[in-house]
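Step one of this worksheet: look at the structure below.
The values are calculated or read from the model by the stated rules, or taken from the named source; none is laboratory data. Note that the structure is predicted; figures quoted are calculated from it, not measured. Glycine gets a Cβ as well: all are built from the backbone with ideal geometry, and neighbour counts include every protein chain shown. Just the protein is used for accessible areas: all its heavy atoms, side chains included, with ligands, DNA and RNA removed. Shrake-Rupley method; radii C 1.70, N 1.55, O 1.52, S 1.80 Å.
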Amino acid sequence: MNFPDVTTLAVPLFVAMILIEMIAWRMKRGGDYETRDTAASLMMGLGSQIAPLFGGAALLTAALIAAYEVRLFDIPNVWWVVVICFVIDDLRYYWWHRISHERRWFWASHVIHHSSQHYNLSTALRQTWTGTVIGGVLFKAPLAILGFHPLMLAFVGGLNLLYQFWIHTEMIGRLGPLEWVLNTPSHHRVHHATNPRYLDANYAGTFIIWDRLFGTFVAEDDGERPRYGIIKNLGTFNPVRIAFHEWIGIAKDVVKARSLREVLGYAFGPPGWSPDGSRLTSAMIKKRWLQQQAQQQRHPSKLPAE
Amino acid sequence: MTGSLVLDTVISVGGILFVVLFSYFVGALRSVCITKAAAQERAAFDEPDFVPKDWLVSVDNAAALSVSEEGEVLLAFSSGNRIGTRRLLAGQVRATRVGCELVVPAMDPGRPEIRVTAGSEMIAQRWLGLLNQSV
């Protein structure tokens, strides 16, 4: 069974859909584009294809082959196994994606994808340059140990990425019953939003059921439009700065750490962690917002001035 | 795609240039105009507990800054057609002035410094005093 590189094959489709979305935006069908933001996203996408060639891809491949060599079962490469593999890999993606938000070491790589204040199809291509060297293989290796062939894993991973491309748009509203099962543009808008109510939600790749199952699902609220980006928006379109800003941030924090606990906290704690609590993690921001909501419900007359 | 890394890169860069030029021709190259209202609105979203005492909006409308009663500083800056903010604790700020322009280190690898141009040197000097008051 052949496993084509679906992501590379889909590049012309990506370009065509971005151009169509731009035209639709100009025709006031929704969404928003900014030239420098789009350029930065596309450069990050190109870099994400080139960067692994400097060792990361080889490392990842070698680790998966080694894991496959000690496989527990001989799973055949047939179509229905590919379907099962896709679903299991999507569950793997959910946890990988979740930890990529909850631990700064992984966030330093994933933050790139969230660093645009826009949400359009070009944002989907804003990808990390350091993703293959931070330990993601630890999440993928168990599937190879189970007996799924590394090429099949690469194929279903590519399909998952391909699926996630089209959901990066503001032009599609809700999709009826599909919203229950699939990750949709509406669900993923929530994931990219920085509004406190939307933080730490909807980590799904293809199936939103994982979020519903593990308690991280938040529905898009028609009364609160998502505002995209990160808690501290970057203010730069320089691809190198975008790629490495959080790594530099970690290095600076680790250098000034006064104990091993602080070193570990800065590197592997939640993004925004600080020993004295002077910075805010997303959980703290959400908690503060919930407290404000509760307070306003108790004392509606003390609503803040518009 | 072609099997040659160099050729693949050239094709990819060409594709990116095409999309970027297309976005330019459909009018996507835009910069936000930072007014006091726009800066306040963004600050209220990013830092809801920051209570600004006063605002200085750059004459080029590319940035703004504010100081709170507690001496904290909030910087608002343009990022294409969006606004970003940085909040600096009292005593953290080491601003400098060059003529009418205030240079405020934002202490962030993403945006190392923010430049705000005041309407006159006198205004710039007054704000420099406010920014560095807790140093």
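Could you please give the count of residues in segment A:226-235 that are without any contact (Cβ under 8 Å) to a residue 12 or more places away in the chain and open to solvent by 40 Å² or more (accessible area, probe 1.4 Å)?
Count: 1.
Return the pairs, sorted by first residue and then second, in which the second residue is in a helix (DSSP H, G or I) and open to solvent by less than 20 Å² (accessible area, probe 1.4 Å), the first residue lies in segment A:236-251 and is facing chain B (nearest Cβ under 9 Å), the beta carbons are less than 6 Å apart, and the residues are 6+ apart or on different chains.
What qualifies is A:F237/A:A40; A:I242/A:I112; A:E246/A:A108; A:E246/A:V111; A:W247/A:A108.
If you check A:E102 against the conditions, is it open to solvent by 60 Å² or more (accessible area, probe 1.4 Å) and under 30 Å from A:G269 (Cβ atoms)?
yes
Sort out which residues of segment B:38-63 are open to solvent by less than 10 Å² (accessible area, probe 1.4 Å) and closer than 24 Å to A:P196 by Cα, and write them in order of number.
B:A39, B:A43
Pairs, please: C-beta under 6 Å, at least 6 apart or cross-chain, first residue within 14 Å of chain A (Cβ to nearest Cβ) and in segment B:56-80, second of a type in the set (D, E)?
Once the first residue is within 14 Å of chain A (Cβ to nearest Cβ) and sits in segment B:56-80, its partners that are of a type in the set (D, E) give B:G80/A:E34; B:G80/A:D37.
Look through segment A:24-47, keep the residues that are more than 8 Å from chain B (Cβ to nearest Cβ) and free of Cβ contacts under 8 Å to residues at least 60 places away in the same chain, and return whichever of them is surrounded by the fewest Cβ atoms within 10 Å (Cβ to Cβ).
Looking at the filtered set, the residue picked out is A:K28.
Among the candidates B:G71, B:G110, B:G84, B:G80, single out the residue that is closer than 23 Å to A:D37 by Cβ, surrounded by 16 or more Cβ atoms within 10 Å (Cβ to Cβ) and at pLDDT below 95.
B:G110
Mind checking whether some residue in segment B:13-27 is within 11 Å of another protein chain (Cβ to nearest Cβ), in a helix (DSSP H, G or I) and within 17 Å of the chain's Cα centre (by Cα)?
no
Only one residue in B:G110, B:G99, B:G84 is within 30 Å of A:G31 (Cα to Cα), without any contact (Cβ under 8 Å) to a residue 60 or more places away in the chain and touching a helix residue (DSSP H, G or I) at 6+ places or on another chain (Cβ under 7 Å), so which one is that?
Criteria check complete, one pass: B:G110.
Within segment A:13-35, restricting attention to residues that are part of a helix (DSSP H, G or I) and among the small types (G, A, S), which residue is nearest to B:I16 (Cα to Cα)?
The extreme case among them is A:A16.
How about segment A:1-23: which of its residues are more than 21 Å from the chain's Cα centre (by Cα), more than 9 Å from chain B (Cβ to nearest Cβ) and either surrounded by 15 or more Cβ atoms within 10 Å (Cβ to Cβ) or among the polar types (S, T, N, Q) (or both)?
A:N2, A:F3, A:E21
Quick one: in segment B:28-46, which of the residues that are at the interface with chain A (Cβ under 7 Å from one of its Cβ atoms) and of a type in the set (A, V, I, L, M, F, W, C) is nearest to the chain's Cα centre (by Cα)?
B:F45
Out of all the residues in segment A:200-215, is one or more outside any loop (DSSP other than H, G, I, E, B), at pLDDT below 95 and more than 26 Å from B:T85 (Cβ to Cβ)?
Within segment A:200-215, none of the residues are outside any loop (DSSP other than H, G, I, E, B), at pLDDT below 95 and more than 26 Å from B:T85 (Cβ to Cβ).
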